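The values are calculated or read from the model by the stated rules, or taken from the named source; none is laboratory data. As the structure is a computational prediction, the values presented were derived from the model and not from experiment. Every residue, glycine among them, receives a Cβ derived from its backbone with ideal geometry; neighbour counts consider all protein chains shown. To get the accessible areas, we keep the full protein, side chains included, count just its heavy atoms, and leave off ligands, DNA and RNA. Shrake-Rupley method; radii C 1.70, N 1.55, O 1.52, S 1.80 Å.
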Amino acid sequence: MTVARDHLTRSGTLLVATMETAVPKLNEARDLTERFLSMIRGKAGADLDAWITAARSSLPAAFVAGITKDLAAVRAAITETWSNGQTEGQITRLKLIKRQMYGRAKIDLLQARLAGVSASR
């Protein structure tokens, strides 16, 4: 659903064509998914309301319901230039280290391990 049609292999193209013929709603869902991805990539937050209206009665309706629950945050995520990706990456790294050490030591070993990771960078 998220791979551009011109990036599909020959067998992938045949599979998608067969699926779209058998289940027409998948074709509509694929088009809506492509519109949503291009809206995000193009930072076109103005198109969000029209997309929600079009997608509300289609297969990704549950996804649309989730978007409408926090519409302001979704609109900001599409239009704003900054991201919290660096913060999320650091949190994920810290959680990974904590999970690896679960039950082995206390905070002093965790601090030493984190200091060692930071120093080696």
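Structure above, values below:
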| read-out | value |
| --- | --- |
| First in segment 78-90 and within 18 Å of Ala44 (Cβ to Cβ) and without any contact (Cβ under 8 Å) to a residue 40 or more places away in the chain, second anywhere and surrounded by 10 or more Cβ atoms within 10 Å (Cβ to Cβ) and not hydrophobic (A, V, I, L, M, F, W, C), Cβ under 7 Å, 6 or more apart | Ile78/Lys43; Ile78/Gly45; Thr79/Lys43; Thr79/Gly45 |
| Residues (among the basic types (Lys, Arg) and at pLDDT 75 or above) located in segment 73-121 | Arg75, Arg93, Lys95, Lys98, Arg99 |
| Where Asp70 falls short, out of the listed (1) over 30 Å from His7 (Cα atoms); (2) modelled with pLDDT under 90; (3) open to solvent by 80 Å² or more (accessible area, probe 1.4 Å); (4) not hydrophobic (A, V, I, L, M, F, W, C) | (2) |
| Search result, residues across segment 48-67 that are of a type in the set (A, V, I, L, M) and surrounded by 11 or more Cβ atoms within 10 Å (Cβ to Cβ) | Leu48, Ala50, Ile52, Ala54, Ala55, Leu59, Ala61, Val64, Ala65, Ile67 |
| Lone qualifier among Ala17, Ala29 - being open to solvent by less than 80 Å² (accessible area, probe 1.4 Å), in contact with a Pro (Cβ under 9 Å, 6 or more places away or on another chain) and of a type in the set (Gly, Ala, Ser) | Ala29 |
| When residues of segment 1-14 are limited to those that are of a type outside the set (Lys, Arg) and under 25 Å from Arg56 (Cβ atoms), the one least open to solvent (accessible area, probe 1.4 Å) | Ala4 |
